[in-house]
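Below is one structure, written out as structure tokens; the observations come after it.
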Amino acid sequence: MTVRMLGCALFLLCSPLHALAQEAQPGSAQPTPPDQNLPPHIKKLTWFGERADFSLDGQRVLFLSKTFGDAMEVEITTGIVRNLTAHYRHLGYTRALYLANGDILLTGPTEFDPENPNAGRTHSWMFVLDPDSNAPPHPLGVKCAEGPAVSRKRMHIAWSYRSAQFPEEMPRGSSQMHEGDIVYQDGVPRLVNQRQILDSRDLPFAATVEPQNFRPPEERELIFSAYDYQDTDVFGLDLTSGALTNYSNAPGIYDEPEGIFPSGEHTTVESDHHEPEAEGFDRADIYRLSLDGSGQMERITRFADVPTYRASNPVVSDDGRYMAFQMGRSGVAAGTGFGIFLYDFQLAP
């Protein structure tokens, strides 16, 4: 098989369109997708893509074309899409997030095994891209398991390690969270002041930890996912004292934090609270969770009312007016998106 043929095969296998084609059988009744019956407060920005993030001015949405794809921007008002990573060779990215200076933090593999593509999500490295430079990104020389958390106010990030990345150094099944600052020396970004902030072995329960958001406005607390604890729960870590707070505390319910509101009073959560029997992320919708310790949840999307569909990976704009999220499908990998959507809180009932 030629390199070109192999590339085309990998694109089709990793593309959300492959899952749709697999499901569409002649003569079978298919449910009407939720993106064909949208309420007035939800707008479809793109028909493809996943893992959205708002620009600092709220005018653009950054997203990935697919898992191990390109980083792209879409202008909210015009719908114009710009590919930010097509000008150099790479193996695709798993996350793309705006930094406080407008540069973009990328995570992606430096090696890719088509027989084990999920390894690329765990064995990813972090890079910093200047989207206006026409240059390739600068490597930070640090691995990152899944997605990092990025401050919207300072050049500060948090990320996680998993034992699969460092099998000789970390006990099997363990995970850690770290934080650090990005500084520029002669125009080249570096990661400094690195420190470990949590080791899963120090928790009073078993879980895999992953940072999600620094809680505004003070950013003294890091909101993170505790996967596999009570299915999955939303936790907060006080970055000064190390104190932990379980904000969702719902045994048997999948609650994964993603975006956060600028007031810091709520976070958006992927949750299966609406399911009579636990389904996990596969049948999740987006909820708003109060961060006052009450555990109060409010459902704000209903994509999962349509069989085989879900809404996921929400992020909230810095002015609190909009939420960007993606449409997901049952039976495909977590994080796989079938289009980016804009939710207007001012128009919502």
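The values are calculated or read from the model by the stated rules, or taken from the named source; none is laboratory data. Here the structure is a predicted model, which is why all the values come from computation and not from measurement. Heads up, the Cβs are rebuilt from the backbone with ideal geometry, glycines too, and the neighbour counts pull from every protein chain shown.
Summed over the stretch 169-191, residues that are free of Cβ contacts under 8 Å to residues at least 24 places away in the same chain and farther than 28 Å from Thr232 by Cβ total 4.
For (1) assigned to a helix (DSSP H, G or I); (2) modelled with pLDDT under 95; (3) farther than 19 Å from Glu50 by Cα, each residue gets a yes or a no:
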{"residue": "Gly264", "(1), (2), (3)": "no, no, yes"}
{"residue": "Glu270", "(1), (2), (3)": "no, no, no"}
{"residue": "Ile286", "(1), (2), (3)": "no, no, no"}
{"residue": "Glu298", "(1), (2), (3)": "no, no, yes"}
{"residue": "Asp318", "(1), (2), (3)": "no, no, yes"}
{"residue": "Val332", "(1), (2), (3)": "no, yes, no"}
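Of everything in the stretch 215-253 that's in contact with a Lys or Arg (Cβ under 8 Å, 6 or more places away or on another chain), among the hydrophobic types (A, V, I, L, M, F, W, C) and not in a loop (DSSP other than H, G, I, E, B), which residue is surrounded by the most Cβ atoms within 10 Å (Cβ to Cβ)? Only one residue fits best here, namely Ile223. Checked against (1) surrounded by fewer than 16 Cβ atoms within 10 Å (Cβ to Cβ); (2) under 24 Å from Asn83 (Cα atoms); (3) within 20 Å of the chain's Cα centre (by Cα), Asn134 passes all but condition (3). In the set (1) modelled with pLDDT under 95; (2) in a loop (DSSP other than H, G, I, E, B), the condition left unmet by Gly120 is number (2).
Scanning the stretch 43-69 for residues being crowded, with 18+ Cβ neighbours inside 10 Å and of a type in the set (Asp, Glu) gives a total of 2. Sub-9 Å Cβ pairs linking a first residue in the stretch 320-349 that is under 17 Å from Tyr287 (Cα atoms) to a second residue that is part of a loop (DSSP other than H, G, I, E, B) and of a type in the set (Lys, Arg), at least 6 apart or interchain, are Asp344/Arg321; Phe345/Arg321; Gln346/Arg321, ordered by first then second residue. Within the stretch 68-99, the set of residues being β-branched (Val, Ile, Thr) and in a loop (DSSP other than H, G, I, E, B) comprises Ile76, Thr77, Thr78, Ile80, Thr85, Thr94. So which of Val188, Val128 is modelled with pLDDT of 95 or more, loosely packed, with under 14 Cβ neighbours inside 10 Å and of a type in the set (A, V, I, L, M)? Just a single option satisfies the conditions, and that option is Val188. Considering the conditions (1) in contact with a helix residue (DSSP H, G or I) (Cβ under 9 Å, 6 or more places away or on another chain); (2) farther than 26 Å from Val332 by Cα; (3) aromatic (Phe, Trp, Tyr), Phe112 is excluded by exactly one of them, (2). Of all the numbered requirements in (1) under 13 Å from the mean Cα position of the chain (by Cα); (2) surrounded by fewer than 24 Cβ atoms within 10 Å (Cβ to Cβ); (3) not β-branched (Val, Ile, Thr), Tyr322 misses one, and that requirement is (1). Take the conditions (1) surrounded by fewer than 22 Cβ atoms within 10 Å (Cβ to Cβ); (2) within 15 Å of the chain's Cα centre (by Cα); Glu256 misses just one of them, which is (1). A count restricted to the stretch 222-243 and to residues that are under 13 Å from Leu291 (Cα atoms) and in contact (Cβ under 8 Å) with a residue 40 or more places away in the chain stands at 6.
Check the stretch 192-203 and report whether any residue there is in contact (Cβ under 8 Å) with a residue 24 or more places away in the chain, assigned to a loop (DSSP other than H, G, I, E, B) and exposed (fewer than 14 other Cβ atoms within 10 Å of the Cβ). Looking for residues that are in contact (Cβ under 8 Å) with a residue 24 or more places away in the chain, assigned to a loop (DSSP other than H, G, I, E, B) and exposed (fewer than 14 other Cβ atoms within 10 Å of the Cβ), one finds none in the stretch 192-203, hence no.
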